[in-house]
Each structure stands twice: as C-alpha cells, then as structure tokens.
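The values are calculated or read from the model by the stated rules, or taken from the named source; none is laboratory data. If you're wondering where the values come from, they're calculated on a predicted model, not measured in any experiment. Positions of Cβ are generated from backbone atoms using ideal geometry, with glycine treated the same way; all protein chains shown enter the neighbour counts. These accessible areas exclude ligands, DNA and RNA; they are computed on the full protein's heavy atoms, side chains included. Shrake-Rupley method; radii C 1.70, N 1.55, O 1.52, S 1.80 Å.
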Amino acid sequence: MDNLEIAAYYFPQWHRDPRNDKWHGPGWTEWELVKTAVPRYAGHRQPIESEWGCFDESDPEWSRREVDLAADSGLTAFLYDYYCYEDGPFLNGALDKGFLRAPNRQRLKFGLMWANHNWHNWHPIRLSDDAARDAMLVDGKMTSQGFARFTEKVIKEYFPQPNYLRLEGKLYFSIFDTANFIAGLGGLDGAAKEFALFRERTRESGGGEIHLNAVVDRFGDAAPVREIFAKLGIDSVASYNWGDHYAIQQDTFPQGSYEKAMAANRAAWPMVEGRLGVPFIANVSTGWDSSPRCCPTDAYENRGYPWLPVLEGNTVEAFSRALQAMKEYLREALPRFPLFTINAWNEWTEGAYLLPDRLDGRRRLEALRKAFPPRRDPES
C-alpha cells in the first residue's frame, strides 16, 4: 500500500502546564512518575529509563529530534492526544510550542484525537486515600458553547496546517469518549447537531470535509452502537490500544501476556467493521504497564486501573511479530482507509512507547522501519 499512513498516538504530558503546576506543584511533569517507578514483582522491569532523559517536548529543538526519528523510522504522522475541556486546552504545549514550531515539522503529518475523558488524580494514585481514586480534577463533558470554542480553535489553528492528516482528502478528527460527548450535550440529538455544526463551520472556513473517527473498546450488543454512529455521522472507528479488544484487567495478575493480547486483537480486527457498520482502523501496541501511576510505596493490588496486570513478553521480537500480523491483515482485509495506528510514541507510564529506552534503544523503531520501509519525503 504505497499510500499507507502509520500514525503513532502522542501523549503530551512531558512538558510544564499551568494545571499541573496547580495540582502537583510548579514544574511538575509525568517524568516524575517515570523516575520513581519501582519493580512490583521479581523480574519486573522498572523503572524504565528514556535514552534521551527527561526532555521538554514543548521545546522545538527536542520536537525536531522526535520528528526526524519518527520519519526516518517509517511513521508518517503523530496523532496527538488533545485535551480540551469546558474552560480550555490542557497539555497543548507539546503541539503548539513544540511540533508546530519545529523547523522540520513538514516531514511528519499530525492529527487530533480529542481526549475528552474525565481527568482523574492518578499521578500517582494511593491505596490509603480512597478519595484519590475517584477524585475528578476535570470533567470531560462539554456544553455546546464549550464545543464551539474548542472547534473554533481547531478550525483556525490546526486544520489549515499544510501537514494536517487527511484521509481521502478529509481532515481526520478523532474522539476518544463518544458517550461522554453525548452526555455533555444532553443526548444523541444534541451531539449530532454539534457535529453537524462542526462540519458546517469547517466547510465555511474553506477547510473542506471532516473525517470523523471514534475510538471504540470492547462492545457487547453492537446494534445500538451502529445506530449511534449512524446518527452522529461517524466515518470510521479505531482502537487506541490493545485493551480495546482484550480485557487486560482479567489477565493473570500481576503478570499478564503480551502474546495473548496480540492474538485477541488480531482475531478481532476482521470482525469490528462488520459489527459496527463503519470502516475500522486497527492498532499495534508496544506494551502495557500502568504501575508507574500507582504510589511506589503502596502494595500493588488487583483493583482495576491503574492497578492492572503488566503485559509481559513485549520484546522487540514480539513487537516485530505484531507488525507482521498487521501487514497480513492489511493485505488480506484491504481496509478502505490505508491507515493503522501504534500505541504509542511516548506513553511511558502505561508501558507503551516507541521512543528509545536504555535497554532496547531504537530496536522497536528499527523493526518498524524493516516491516514498513519509509517513503521518501521532501525534507529527507
């Protein structure tokens, strides 16, 4: 597939943000959890050490290094986890100050995955404070006024960028929590109206059409979901990580299996589109380990997120097999949209990253480059 897009989800919690200053103290970033992570059982590989150290992703020079490494390794886009709430954006410095000011930014496309889920105090969570588990720092629900402000920023600042990701000429915009969006607008009719207005405003701006994507996880009765997506005008569905089609919380604790998660997702890929009635964009995950988000001095118990099993066996060789499975799926299923995603570029505190660490270096990126050789780009 000569036009294949390979997009890595980008988690932007590695730069200073005013909200984090308020919640956790001046200058706090999630690098603090990476540095203080501890092994939870014999053989558990923590702490993970970034080969580049604890860098500031909002610095255009660091972003330049990320862009070059990603493009040279075969990635074609970053999908930014974009946090925006009723009162405005959060963690947007990675994109606004870093990527969009990097001198080589044209080497890589970018798109938005609106991470509209509730933001909880998981940094870290403590067993001794039950309130911390449910302490919601920001509610992800948004009113029509808030959504209008948010999408105005998207239409004016991001959609016009020449390297914004498009599928079949349409601007790719993904939403993480469709149910939360519907709830914030008072129901399905209100949500459908807001999406229609978003499309209309984008057309009026000269941006053209939107490709509206919804992230989905495991589903039971698909019929209501099909009706909801049809009403909203969803153009495709996507996985965020392998937890979408594998119940990580039901795996053996504390050591789960990367191979089992891989097999479950590979089996699910051909069925999703038929059940939900819209094209499917599949995902390859590099791993799962959310233990760094748990207080390092507390016991590690099976209590649900973030106390979840660690997907052991996510070696470079296993990741290579996962990429080959994706290659086979793309060849056999011939999906309508030539795109797959990787979780993730830098989700260090969930054990999912492509950036080099001190153990494996760039070997995962080399595996990606071998499986999907990069296309030539104007800046290379």
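Mind checking which residues of segment 234-265 are in contact (Cβ under 8 Å) with a residue 60 or more places away in the chain and in a loop (DSSP other than H, G, I, E, B)? Break it down into steps so the answer makes sense when it comes.
Taking segment 234-265 as the starting set, the residues that turn out to be in contact (Cβ under 8 Å) with a residue 60 or more places away in the chain are 235-236, 238-242, 248-249, 251, 254-255, 258, 262.
Answer for segment 234-265, where residues must be in contact (Cβ under 8 Å) with a residue 60 or more places away in the chain and in a loop (DSSP other than H, G, I, E, B): Asp235, Ser239, Tyr240, Asn241, Asp251, Pro254.
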Exercise. Can we say Glu57 is open to solvent by 40 Å² or more (accessible area, probe 1.4 Å) and either part of a helix (DSSP H, G or I) or farther than 21 Å from Leu167 by Cβ (or both)?
Worked result: no
For this session: Identify all residues within segment 331-343 that are open to solvent by less than 10 Å² (accessible area, probe 1.4 Å) and aliphatic (A, V, I, L, M); write none if there are none.
Result: Leu339, Ile342
For this session: Just give me the residues in segment 181-211 being open to solvent by 20 Å² or more (accessible area, probe 1.4 Å), in contact with a Phe, Trp or Tyr (Cβ under 8 Å, 6 or more places away or on another chain) and within 21 Å of Gly111 (Cβ to Cβ), in sequence order.
Result: Ser205
Problem set entry | Breaking point among (1) open to solvent by 20 Å² or more (accessible area, probe 1.4 Å); (2) among the β-branched types (Val, Ile, Thr); (3) more than 15 Å from Leu368 (Cα to Cα), for Thr315 | (3)
Seminar exercise, completed: Note on Tyr9: of the conditions (1) open to solvent by 10 Å² or more (accessible area, probe 1.4 Å); (2) under 22 Å from the mean Cα position of the chain (by Cα); (3) of a type outside the set (A, V, I, L, M, F, W, C), unmet is (1)
Exercise. Since Pro374 meets every condition but one in (1) buried (at least 24 other Cβ atoms within 10 Å of the Cβ); (2) in a loop (DSSP other than H, G, I, E, B), which condition does it not meet?
Worked result: (1)
Seminar exercise, completed: Selection from segment 40-61 of residues without any contact (Cβ under 8 Å) to a residue 40 or more places away in the chain and under 20 Å from the mean Cα position of the chain (by Cα) yields none
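If we keep just the residues of segment 15-46 that are assigned to a helix (DSSP H, G or I) and open to solvent by less than 60 Å² (accessible area, probe 1.4 Å), which is nearest to Pro296 (Cα to Cα)? Before you say what the answer is, go through the steps one by one.
The first filter runs over segment 15-46 and keeps only residues assigned to a helix (DSSP H, G or I), leaving 18-24, 31-36.
Filter once more, keeping what is open to solvent by less than 60 Å² (accessible area, probe 1.4 Å): 19-21, 24, 31, 33-34.
Values: Arg19: 23, Asn20: 20, Asp21: 21, His24: 17, Trp31: 14, Leu33: 9, Val34: 11 Å.
Here the answer is Leu33.
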Problem set entry | Search result, residues across segment 285-312 that are open to solvent by 40 Å² or more (accessible area, probe 1.4 Å), touching a residue at least 60 places away in the same chain (Cβ under 8 Å) and touching a Phe, Trp or Tyr at 6+ places or on another chain (Cβ under 6 Å) | Glu301
Problem set entry | For Glu328: the one exception among (1) within 23 Å of Asp357 (Cβ to Cβ); (2) without any contact (Cβ under 8 Å) to a residue 12 or more places away in the chain; (3) not hydrophobic (A, V, I, L, M, F, W, C) | (1)
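Answer yes or no: is there a residue in segment 47-54 that is modelled with pLDDT of 95 or more and crowded, with 23+ Cβ neighbours inside 10 Å. Break it down stepwise before answering.
Filtering segment 47-54 for residues modelled with pLDDT of 95 or more gives 47-54.
Going one step further and asking which of them are crowded, with 23+ Cβ neighbours inside 10 Å, we end up with none.
No, every residue in segment 47-54 fails to be modelled with pLDDT of 95 or more and crowded, with 23+ Cβ neighbours inside 10 Å.
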For this session: Just need a number here: residues in segment 79-113 that are outside any strand (DSSP E or B) and over 23 Å from Gly140 (Cβ atoms).
Result: 12
For this session: Search segment 349-359 for residues being open to solvent by less than 10 Å² (accessible area, probe 1.4 Å) and not in a loop (DSSP other than H, G, I, E, B), and hand back the single one that is nearest to Tyr305 (Cα to Cα).
Result: Thr349
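State the number of residues belonging to segment 266-325 that are in a loop (DSSP other than H, G, I, E, B), among the aliphatic types (A, V, I, L, M) and touching a strand residue (DSSP E or B) at 6+ places or on another chain (Cβ under 7 Å). Break it down stepwise before answering.
If we filter segment 266-325 for residues that are in a loop (DSSP other than H, G, I, E, B), which is where we start, we get 277-279, 282, 286-290, 295-303, 305-306, 308-309, 313-315.
Narrowing further to those that are among the aliphatic types (A, V, I, L, M): 278, 282, 299, 308.
From what's left, touching a strand residue (DSSP E or B) at 6+ places or on another chain (Cβ under 7 Å): 278, 282.
Within segment 266-325, residues that are in a loop (DSSP other than H, G, I, E, B), among the aliphatic types (A, V, I, L, M) and touching a strand residue (DSSP E or B) at 6+ places or on another chain (Cβ under 7 Å) number 2.
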Seminar exercise, completed: Heads up, the strands (runs of 3 or more DSSP E) in segment 114-233 (entirely inside) with at least 3 residues that are modelled with pLDDT of 95 or more are 170-175, 210-215
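Listed here are the residues, each with its yes/no results for (1) at pLDDT below 95; (2) under 20 Å from the mean Cα position of the chain (by Cα).
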site	(1), (2)
Pro335	yes, no
Ala344	no, yes
Glu350	no, yes
Leu354	no, yes
Arg362	no, no
Leu365	no, yes
